[in-house]
1. Under 9 Å between Cβ atoms, which residue pairs at least 6 apart in sequence (or on different chains) link something in segment 96-108 that is more than 17 Å from Asn4 (Cβ to Cβ) with a partner that is in a loop (DSSP other than H, G, I, E, B) and of a type in the set (Lys, Arg)?
2. When the residues of segment 24-37 are narrowed to those that are of a type in the set (D, E, K, R) and assigned to a loop (DSSP other than H, G, I, E, B), which ends up farthest from the chain's Cα centre (by Cα)?
3. Given the criterion surrounded by fewer than 21 Cβ atoms within 10 Å (Cβ to Cβ), under 16 Å from the mean Cα position of the chain (by Cα) and farther than 18 Å from Ser25 by Cα, identify the matching residue among Gly40, Gly45.
4. Restricting to segment 96-118, give me the number of residues that are more than 12 Å from the chain's Cα centre (by Cα) and either surrounded by 13 or more Cβ atoms within 10 Å (Cβ to Cβ) or not hydroxyl-bearing (Ser, Thr, Tyr) (or both).
5. Those residues that are in contact with a helix residue (DSSP H, G or I) (Cβ under 9 Å, 6 or more places away or on another chain) and either in a strand (DSSP E or B) or without any contact (Cβ under 8 Å) to a residue 24 or more places away in the chain (or both), I need them from segment 1-23; list them, please.
6. Can you pull out the residues in segment 123-148 that are among the aliphatic types (A, V, I, L, M) and part of a loop (DSSP other than H, G, I, E, B)?
7. When you scan segment 40-59, do you find a residue that is in contact with a strand residue (DSSP E or B) (Cβ under 7 Å, 6 or more places away or on another chain) and part of a strand (DSSP E or B), even just one?
8. Determine if segment 102-110 includes at least one residue that is closer than 23 Å to Asn46 by Cβ, in contact with a strand residue (DSSP E or B) (Cβ under 9 Å, 6 or more places away or on another chain) and not hydroxyl-bearing (Ser, Thr, Tyr).
Amino acid sequence: MKTNVLMVCLGNICRSPLAEGILKSKVDPDTVYIDSAGTGGYHIGNPPDPRSIAIARNHGLDIAKQRCRQFSSADFENFDVIYAMDRSNYANIIALASSPTEKEKVKLLLEEVELSTKEVPDPYWDDDGFEKVYQLIDTACDAIAKKL
């Protein structure tokens, strides 16, 4: 039986596509399915931000074929664990949960590791932030992959 993991940020163009691509590179696709989504519907159908694509490529990953989609309440049924990149998106996801069981599926991504921060900052307005975000997500995905 596969474990289904969903990575969620605001627009599904910067952080969650990176998280999807990074975790996919660390797990067996026969046992783990990974997807990503955004709590906002701003970029539905679009590829990830060119800066996320470039940072992923710098680290040997190709995320260019991903397409943005919006998180929906159906994701609670389809995924075993849902990782939010920050507290704001965590709150937006929890608000859609209809049961304690659904709420238990939602975690902050950086809760998986011992870091001074528990939120992955949004690099959208900071070109220099993409490498930092990549490193934070990569560290968390190492820990998640070991668990899976």
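The values are calculated or read from the model by the stated rules, or taken from the named source; none is laboratory data. Keep in mind that what you see is a predicted model, and the values were worked out from it rather than measured. With ideal geometry, Cβ positions are generated from the backbone for all residues, glycine too; neighbour counts draw on all protein chains shown.
1. Between residues of segment 96-108 that are more than 17 Å from Asn4 (Cβ to Cβ) and residues that are in a loop (DSSP other than H, G, I, E, B) and of a type in the set (Lys, Arg), the close pairs are Leu108/Lys118.
2. Let us first name the residues in segment 24-37 that are of a type in the set (D, E, K, R), namely 24, 26, 28, 30, 35.
So of that shortlist, the ones also assigned to a loop (DSSP other than H, G, I, E, B) come out as 26, 28, 30.
Numbers: Lys26: 14, Asp28: 17, Asp30: 19 Å.
The residue in question is Asp30.
3. On the way: Gly45 fails: under 16 Å from the mean Cα position of the chain (by Cα).
That would be Gly40, the only listed residue that is surrounded by fewer than 21 Cβ atoms within 10 Å (Cβ to Cβ), under 16 Å from the mean Cα position of the chain (by Cα) and farther than 18 Å from Ser25 by Cα.
4. Going through segment 96-118, the residues more than 12 Å from the chain's Cα centre (by Cα) turn out to be 96-105, 111-118.
Checking the rest, the ones that are also either surrounded by 13 or more Cβ atoms within 10 Å (Cβ to Cβ) or not hydroxyl-bearing (Ser, Thr, Tyr) (or both) come to 96-97, 100, 102-105, 111-115, 118.
Of the residues in segment 96-118, 13 are more than 12 Å from the chain's Cα centre (by Cα) and either surrounded by 13 or more Cβ atoms within 10 Å (Cβ to Cβ) or not hydroxyl-bearing (Ser, Thr, Tyr) (or both).
5. Of everything in segment 1-23, those that are in contact with a helix residue (DSSP H, G or I) (Cβ under 9 Å, 6 or more places away or on another chain) and either in a strand (DSSP E or B) or without any contact (Cβ under 8 Å) to a residue 24 or more places away in the chain (or both) turn out to be Asn4, Val5, Leu6, Met7, Val8, Cys9.
6. Just the residues of segment 123-148 that are among the aliphatic types (A, V, I, L, M), to begin with: 133, 136-137, 140, 143-145, 148.
Correct list: Leu148 only.
7. No, every residue in segment 40-59 fails to be in contact with a strand residue (DSSP E or B) (Cβ under 7 Å, 6 or more places away or on another chain) and part of a strand (DSSP E or B).
8. Step one: of segment 102-110, the residues closer than 23 Å to Asn46 by Cβ are 109.
Filter again for in contact with a strand residue (DSSP E or B) (Cβ under 9 Å, 6 or more places away or on another chain), leaving 109.
Then drop every residue that is not not hydroxyl-bearing (Ser, Thr, Tyr), which leaves 109.
Among the residues of segment 102-110, at least one is closer than 23 Å to Asn46 by Cβ, in contact with a strand residue (DSSP E or B) (Cβ under 9 Å, 6 or more places away or on another chain) and not hydroxyl-bearing (Ser, Thr, Tyr), which makes the answer yes.
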